[in-house]
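Input: a single structure, listed below in C-alpha cells.
Since every read-out is calculated from the coordinates, none of them should be taken as a lab result. Since this is a predicted model, take the numbers as computed values, not measurements. Ideal geometry is used to build each Cβ from the backbone, glycine not excepted, and the neighbour counts take in all protein chains shown.
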Ligand SMILES: C[S@@+](CC[C@H](N)C(=O)[O-])C[C@H]1O[C@@H](n2cnc3c(N)ncnc32)[C@H](O)[C@@H]1O
Ligand code: SF4
C-alpha cells in the first residue's frame with residue numbers, strides 16, 4: 001500500500017522593514033527607528049503555526065524570506081522559523097530556502113549565520129553596478145559593497161541570485177550591455193533583471209510626473225530587453241521568465257510555484273497566499289501595517305484580514321496571467337488540474353488565432369506558450385485572451 005502523495009506547498013515569509021525607502025519601490029516595506037524584532041519574530045512563528053494547523057500535512061518544496069529587507073531579521077529568528085516550518089510540514093528532500101538580502105556590509109557579515117540556519121539560496125538586491133545609478137535609485141550601498149556581498153554570498157550559499165534594475169533614464173544599450181557583462185561575470189546560477197517601472201504612490205511617481213526624468217521610449221526599452229537576453233545567453237543563463245534568467249536547474253523553484261499556479265502560504269504583514277483547502281481555492285490577504293498585523297496575530301493567531309474563494313473563471317484568468325510569463329508556457333494538464341477548467345475553454349478563440357498568426361503565441365500538443373515577442377506584449381494580449 002502506498003500512501004497518497006502529499007500536495008506540494010511553497011511558503012513565503014514577509015519581513016516588512018528596510019533601513020530606508022527606495023524611491024522606486026512599492027513593496028510593503030516600512031522604516032522604523034527601532035525594529036520590533038522579537039515581537040515580529042514571535043508573531044511570524046505564531047502565524048506559521050496557525051497556517052500549518054489548518055492546511056494539514058504538505059510536502060514543503062520551498063521557503064522564501066522576502067521583504068522589505070529580510071537580511072535585517074536576526075539569524076536566530078530565521079533559524080527558528082525554518083525549524084518550525086520543517087517540523088510543521090514535511091520538507092522535500094531538495095527544499096529550496098531563499099533569503100533576500102541587501103548588500104550593505106553589515107548584512108553580508110550575517111551570511112554565514114544564515115547558511116548555518118538552513119538558508120541555501122540568497123537573492124541580493126544589487127540593483128546596479130554603476131555608482132551614479134545607485135545614487136539615482138537611492139541605494140544605501142556602493143558598487144564595491146555589492147560586489148563584496150556577491151562574492152561572500154557565493155562562498156556561503158550553494159545557490160545565489162541578484163537583482164538589477166535597467167531601462168533607467170539616459171541608459172544607452174551600449175552602457176547596459178557593459179554593466180550586464182560585468183554582472184554576468186559575477187553571477188552564479190540565477191539573475192533577476194527588471195526594467196524600471198514607475199509605481200503609483202512612490203517618490204519616483206511624483207518626480208516622473210513633474211518631468212524630473214524620463215524613461216527610455218518603447219523602442220529603446222524593447223532593444224534593451226532583447227540585449228539582456230542576448231548577453232545572458234552568452235553566459236548560459238536562459239530567460240525562463242519575463243525578468244528571470246537561470247542556468248538549467250537554477251530556476252527559482254519558489255517563484256515557479258507562483259507562475260505554475262501551485263499552492264503557497266504567505267505569512268507576515270501584507271503577504272498573499274493561494275491555498276486549496278477542503279476543495280476550495282482561497283486567496284488570503286493580511287494586514288499590511290507591521291504593528292497592526294502583529295496585534296491581530298497576538299489576538300487571533302493570524303493577521304488575515306480577508307480570505308476569498310476564487311471561482312473557476314478567475315482561477316483560469318490568474319493561471320493564464322502567471323503561466324504565460326514562463327518560457328515553458330502553460331501545461332494543459334496542470335492548468336486543468338489546478339483551475340478545474342480546460343485551457344481551451346478559458347481563452348477567446350479569435351484572440352488566440354490572431355496571436356498565433358502574429359507568432360505571439362504557439363501551441364504544442366502539451367503547452368500553450370508565449371513566444372519571446374509575445375512575452376513582451378503580455379499586458380496588451382492578456383485582457384483580450386482571457387474569457
Ligand atoms: C522586495 S525587493 C528586494 C529586496 C531587497 N530589499 C533589496 O532592495 O535589495 C525585490 C526587487 O524588486 C525590484 N524592484 C522593486 N521595485 C521596482 C521597480 N519599480 N522597478 C523595477 N524593479 C523593481 C528590485 O530589483 C528589488 O530588488
Ligand atoms: S527595494 Fe528593497 S530596500 Fe528598497 S524599499 Fe524596496 S524592499 Fe526596501
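This table checks each residue for (1) in contact with a strand residue (DSSP E or B) (Cβ under 6 Å, 6 or more places away or on another chain); (2) over 24 Å from residue 264 (Cα atoms).
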position: 6; (1), (2): yes, no
position: 10; (1), (2): yes, no
position: 16; (1), (2): yes, no
position: 24; (1), (2): no, yes
position: 45; (1), (2): no, no
position: 48; (1), (2): yes, no
position: 54; (1), (2): no, no
position: 68; (1), (2): yes, no
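Which is away from ligand 1 (no atom under 15 Å from the Cβ) and surrounded by 16 or more Cβ atoms within 10 Å (Cβ to Cβ), of 187, 246?
246
Restricting to the range 141-154, count the residues that are more than 14 Å from ligand 1 (Cβ to nearest atom) and touching a residue at least 24 places away in the same chain (Cβ under 8 Å).
5
Only one of these conditions is not met by residue 138: (1) within 14 Å of ligand 1 (Cβ to nearest atom); (2) over 20 Å from residue 24 (Cβ atoms); (3) out of contact with any strand residue (DSSP E or B) (no Cβ under 9 Å at 6 or more places or on another chain). Which number is it?
The single condition residue 138 does not satisfy is (2).
Any residue in the range 233-240 that is surrounded by fewer than 20 Cβ atoms within 10 Å (Cβ to Cβ) and more than 30 Å from residue 373 (Cβ to Cβ)?
No - not one qualifying residue is present in the range 233-240.
Just for helices (runs of 4 or more DSSP H) wholly inside the range 171-268: which have at least 1 residues that are more than 30 Å from residue 47 (Cα to Cα)?
173-186, 203-209, 218-234
With under 29 Å from residue 163 (Cα atoms), surrounded by fewer than 24 Cβ atoms within 10 Å (Cβ to Cβ) and within 16 Å of ligand 2 (Cβ to nearest atom) as the only criterion, which of 93, 76, 100 stands out?
When all the criteria are applied, what remains is 100.
Looking at this structure, is residue 159 under 22 Å from residue 14 (Cβ atoms), out of contact with any helix residue (DSSP H, G or I) (no Cβ under 9 Å at 6 or more places or on another chain) and buried (at least 17 other Cβ atoms within 10 Å of the Cβ)?
So residue 159 fits the description; yes.
So, in the range 200-212, how many residues would count as being surrounded by 13 or more Cβ atoms within 10 Å (Cβ to Cβ) and touching a residue at least 60 places away in the same chain (Cβ under 8 Å)?
4
Could you check residue 145 against (1) under 21 Å from residue 252 (Cα atoms); (2) within 16 Å of ligand 2 (Cβ to nearest atom) and say which number it fails?
Unmet condition: (1).
Could you grab me the full set of residues in the range 26-43 that are within 12 Å of ligand 2 (Cβ to nearest atom) and either out of contact with any strand residue (DSSP E or B) (no Cβ under 9 Å at 6 or more places or on another chain) or not in a strand (DSSP E or B) (or both)?
26, 27, 28, 29, 31
Return the total of residues in the range 92-132 being away from ligand 1 (no atom under 12 Å from the Cβ), out of contact with any helix residue (DSSP H, G or I) (no Cβ under 8 Å at 6 or more places or on another chain) and either within 15 Å of residue 22 (Cα to Cα) or in a helix (DSSP H, G or I) (or both).
2
Just a yes or no: is a residue in the range 340-351 surrounded by fewer than 16 Cβ atoms within 10 Å (Cβ to Cβ), farther than 23 Å from residue 311 by Cα and more than 26 Å from the chain's Cα centre (by Cα)?
Scanning the range 340-351, I find at least one residue that is surrounded by fewer than 16 Cβ atoms within 10 Å (Cβ to Cβ), farther than 23 Å from residue 311 by Cα and more than 26 Å from the chain's Cα centre (by Cα), so the answer is yes.
Do you know which of the residues in the range 292-304 that are within 27 Å of residue 279 (Cβ to Cβ) and under 22 Å from the mean Cα position of the chain (by Cα) is surrounded by the fewest Cβ atoms within 10 Å (Cβ to Cβ)?
304
Residue by residue through the range 26-51, note down the ones that are surrounded by 15 or more Cβ atoms within 10 Å (Cβ to Cβ), free of Cβ contacts under 8 Å to residues at least 40 places away in the same chain and under 22 Å from the mean Cα position of the chain (by Cα).
Hit for the range 26-51 is 45, nothing else.
Report yes if residue 370 is surrounded by 14 or more Cβ atoms within 10 Å (Cβ to Cβ) and out of contact with any strand residue (DSSP E or B) (no Cβ under 9 Å at 6 or more places or on another chain), otherwise no.
no
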